[in-house]
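Please read the structure below before turning to the comments.
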Amino acid sequence: MKLAIAGGTGLTGAHVVDVAYARGHEVTVLSRATGVELLSGAGLAGRLDGADAVIDVSNVTTAKPDVSVSFFAGATKSLLTAERRARVSHHVALTIVGAEAAPDGYYAGKLVQERLIAGGPIPWTVLRATQFHEFAAMLFHRGHVGVHTAPRGRVQPIAVREVAEHLVDLAEAGPSGRAADLAGPREESLSDMIRDYAHAIGYRRRVPAVTPPGAYGHALTSGRLLPGPGALLGRQTYPEWLDALPDA
Ligand SMILES: NC(=O)c1ccc[n+]([C@@H]2O[C@H](COP(=O)([O-])OP(=O)(O)OC[C@H]3O[C@@H](n4cnc5c(N)ncnc54)[C@H](OP(=O)(O)O)[C@@H]3O)[C@@H](O)[C@H]2O)c1
C-alpha cells in the first residue's frame, strides 16, 4: 500500500513510519520538516497522489483550547481537502480516550478533529488511545530541578509502538469508523509513574504529589480517562517500558 503519514516525524509518527516500512508499504511523510504546512495546506499538492490511506498523527503541544482547535481543525480540513482532490479513500486519525471529559483545554481540538472527520467526505477510521508511557516523562520534564511535581491521576498507559502498529493495521483493514479504544494492559497511578521515571533517570530529590486543577485534573483523578470495558489492551506494562529506557 501507499501510506501518507501526517506528523510522521513526531513521537507516534516515527513509529508509524517505521512499522509501515517494515511491512513493505510505500511511505510519504507530511510535516514541516518535509515541506508540508498542514494549517495552510502548503506543500500538500501532489503529495497524496496514489495514496491508499492517510494516517494523521500530527499534533500541537498546548493546553489552550483555541490553539488546539485551530490546529486540529486547520490540519484536518487541509488533509481532507487534499485527500478528496487526490481521491484518497481512507483517512485514519489518532485521538484520545475520554476526550469529552475535559473539553476546555487541549481535548477541545481533538473533539473538533473527530467531528470534522465523521462529517467529512473521506471514508474514515478514528482510533482513540490512552496516554502513552512517555506521558509521565513529559510531565516530569515540564518542571525544573527542585520544583518537579507528580500530578495525581488514574491512567492506563500504552506503548506508543503498539499504537503505531495498530494504526497501520487499521489502515490496512480499510475504513471502519470509530475503532475500539486502545489502552495499556493495566491501570497505573500517574504520580507513581512520574516518581518511578524520576528515579529511573537518577533524579534523587523529592517529587511531591499534587492534585491537578480544572476539568482536566478532575478527568484525570476521577478515572474518566480510563478505557471502557470494550477496549483492546496492549502488552507492554509501564515498568517494562521503564526497564527498557536507555538511561534507566
Ligand atoms: N501523547 C499521548 O499520550 C497521546 C495519547 C493518545 C493520543 N495522542 C495523539 O497522538 C497524536 C500524535 O502525538 P505525538 O505526541 O506523537 O506528536 P508529536 O511528537 O508532537 O509530533 C507532532 C508531529 O506533527 C507535525 N506538525 C506539527 N505542526 C505541524 C504543522 N503546522 N504542519 C505540518 N506538520 C506539523 C510535527 O512535524 P514538524 O515539526 O516537522 O512539522 C510532528 O511530526 C496526537 O494527535 C495526539 O493527540 C497522544
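Residues that are at pLDDT 95 or above, open to solvent by less than 50 Å² (accessible area, probe 1.4 Å), within 20 Å of Thr62 (Cα to Cα) and not in a helix (DSSP H, G or I): does region 108-126 have at least one?
For region 108-126, residues at pLDDT 95 or above, open to solvent by less than 50 Å² (accessible area, probe 1.4 Å), within 20 Å of Thr62 (Cα to Cα) and not in a helix (DSSP H, G or I): absent.
Yes or no: Ala73 of a type outside the set (S, T, N, Q) and touching a Lys or Arg at 6+ places or on another chain (Cβ under 7 Å)?
No, not satisfied.
Give the residue that is farthest from Lys2 (Cα to Cα), with candidates limited to residues of region 48-59 that are touching a residue at least 40 places away in the same chain (Cβ under 8 Å), in a loop (DSSP other than H, G, I, E, B) and not hydroxyl-bearing (Ser, Thr, Tyr).
Asn59
With (1) assigned to a loop (DSSP other than H, G, I, E, B); (2) under 23 Å from Val57 (Cα atoms); (3) out of contact with any Leu (no Cβ under 8 Å at 6 or more places or on another chain) as the list, and Tyr203 as the residue in question, which single condition is left unmet?
With respect to (1) assigned to a loop (DSSP other than H, G, I, E, B); (2) under 23 Å from Val57 (Cα atoms); (3) out of contact with any Leu (no Cβ under 8 Å at 6 or more places or on another chain), Tyr203 is out only on (2).
Filter region 82-104 down to residues that are open to solvent by less than 10 Å² (accessible area, probe 1.4 Å) and in contact with a Pro (Cβ under 7 Å, 6 or more places away or on another chain) and give me whichever is farthest from the ligand (Cβ to nearest atom).
Applying the filter and picking the extreme gives His90.
What number of residues within region 116-150 satisfy the criterion of being closer than 20 Å to Leu245 by Cα and touching a His at 6+ places or on another chain (Cβ under 7 Å)?
Looking only at that region, the number is 1.
If Thr62 satisfies every condition in (1) within 25 Å of Glu165 (Cα to Cα); (2) touching a residue at least 40 places away in the same chain (Cβ under 8 Å); (3) within 12 Å of the ligand (Cβ to nearest atom) but one, which is the exception?
(1)
Residues are listed down the side, and each one gets a yes or a no for (1) open to solvent by less than 30 Å² (accessible area, probe 1.4 Å); (2) within 19 Å of the chain's Cα centre (by Cα); (3) farther than 27 Å from Tyr21 by Cα; (4) not polar (S, T, N, Q):
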site: Glu134; (1), (2), (3), (4): no, yes, no, yes
site: Met138; (1), (2), (3), (4): no, yes, yes, yes
site: Gly143; (1), (2), (3), (4): yes, no, yes, yes
site: Ile158; (1), (2), (3), (4): yes, yes, no, yes
site: Arg178; (1), (2), (3), (4): no, yes, no, yes
site: Gly184; (1), (2), (3), (4): yes, yes, no, yes
site: Thr211; (1), (2), (3), (4): no, no, yes, no
site: Thr221; (1), (2), (3), (4): no, no, yes, no
site: Gly230; (1), (2), (3), (4): no, no, yes, yes
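Report, ordered by the first and then the second residue, all pairs with beta carbons closer than 6 Å, sequence separation of six or more or different chains, a first member in region 85-106 that is farther than 26 Å from Pro121 by Cβ, and a second member that is among the small types (Gly, Ala, Ser).
Taking only residues 6 or more apart or on different chains, the pairs are Ala101/Ala219; Ala102/Ala215; Ala102/Ala219; Asp104/Ala215; Gly105/Ala63; Tyr106/Ala63; Tyr106/Ser68.
Which of the numbered conditions does Ala45 fail, given that it passes all the others? Conditions: (1) more than 13 Å from the ligand (Cβ to nearest atom); (2) part of a loop (DSSP other than H, G, I, E, B); (3) among the aliphatic types (A, V, I, L, M); (4) surrounded by 20 or more Cβ atoms within 10 Å (Cβ to Cβ).
So the condition that Ala45 fails would be (4).
Please enumerate the residues belonging to region 12-32 that are over 17 Å from the mean Cα position of the chain (by Cα), open to solvent by 30 Å² or more (accessible area, probe 1.4 Å) and either at positive phi or among the hydrophobic types (A, V, I, L, M, F, W, C) (or both).
Answer for region 12-32, where residues must be over 17 Å from the mean Cα position of the chain (by Cα), open to solvent by 30 Å² or more (accessible area, probe 1.4 Å) and either at positive phi or among the hydrophobic types (A, V, I, L, M, F, W, C) (or both): Ala22, Gly24.
Residue check, Met1 against (1) open to solvent by less than 60 Å² (accessible area, probe 1.4 Å); (2) in contact with an Asp or Glu (Cβ under 9 Å, 6 or more places away or on another chain); (3) closer than 22 Å to His166 by Cβ, all met but one. Which one?
If we test Met1 against (1) open to solvent by less than 60 Å² (accessible area, probe 1.4 Å); (2) in contact with an Asp or Glu (Cβ under 9 Å, 6 or more places away or on another chain); (3) closer than 22 Å to His166 by Cβ, just (1) comes out false.
Can you name the condition, by its number, that Leu39 falls short on among (1) assigned to a loop (DSSP other than H, G, I, E, B); (2) crowded, with 19+ Cβ neighbours inside 10 Å?
The one condition Leu39 does not meet is (2).
Would you mention how many residues in region 54-81 are more than 18 Å from the chain's Cα centre (by Cα) and either crowded, with 24+ Cβ neighbours inside 10 Å or closer than 18 Å to Gly10 by Cα (or both)?
0
The values are calculated or read from the model by the stated rules, or taken from the named source; none is laboratory data. Keep in mind it's a predicted model, so treat the numbers as computed, not measured. In this analysis, Cβ positions are derived from the backbone assuming ideal geometry, glycine residues included, and neighbour counts consider all displayed protein chains. Note: accessible area is taken over every heavy atom of the protein model, side chains too, but ligands, DNA and RNA are not part of it. Shrake-Rupley method; radii C 1.70, N 1.55, O 1.52, S 1.80 Å.
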